[in-house]
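To start, the structure under review is shown below, and the notes come after it.
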Amino acid sequence: MRDDKTQVSESDRSRLAADPDYEIRHFAGKYDLSQTYVRDLIVRIGNDRDELDRIAKELQEAASTF
């Protein structure tokens, strides 16, 4: 079955998949994190995008204070 990226439901947007490299690259670039670190976050925290966004923002803010 083909992965049609134009057919995305809300439930798909609420999760961050660890397998497709493009999702990891986008998320890592958004918060200036390494792709490996993003994958580690997904393993430790889960793939809830809201939770990952919140934690990534906190990390970004903490890094900017140095």
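The values are calculated or read from the model by the stated rules, or taken from the named source; none is laboratory data. Not measured: the values here are computed from a predicted model. Please note: Cβ atoms are built from the backbone with ideal geometry, for glycine as well, and neighbour counts cover all protein chains shown.
Which numbered condition in (1) among the small types (G, A, S); (2) in contact (Cβ under 8 Å) with a residue 24 or more places away in the chain; (3) within 13 Å of R15 (Cβ to Cβ) is the only one that A56 fails? Evaluating A56 over (1) among the small types (G, A, S); (2) in contact (Cβ under 8 Å) with a residue 24 or more places away in the chain; (3) within 13 Å of R15 (Cβ to Cβ) leaves (3) as the failure. Restricting the search to the range 48-60, which residues are within 11 Å of Y31 (Cα to Cα), over 9 Å from the mean Cα position of the chain (by Cα) and at pLDDT 90 or above? Of everything in the range 48-60, those that are within 11 Å of Y31 (Cα to Cα), over 9 Å from the mean Cα position of the chain (by Cα) and at pLDDT 90 or above turn out to be R54, I55, K57, E58, L59.
Does the range 24-53 hold any residues that are within 15 Å of S14 (Cβ to Cβ), out of contact with any helix residue (DSSP H, G or I) (no Cβ under 9 Å at 6 or more places or on another chain) and charged (D, E, K, R), and which are they? Don't jump to the end; show me each part of the working.
First, pick out the residues of the range 24-53 that are within 15 Å of S14 (Cβ to Cβ): 27, 42, 45-53.
Among the residues that remain, those that are also out of contact with any helix residue (DSSP H, G or I) (no Cβ under 9 Å at 6 or more places or on another chain) are: 47-48, 50.
Across the range 24-53, the qualifying residues are D48, D50.
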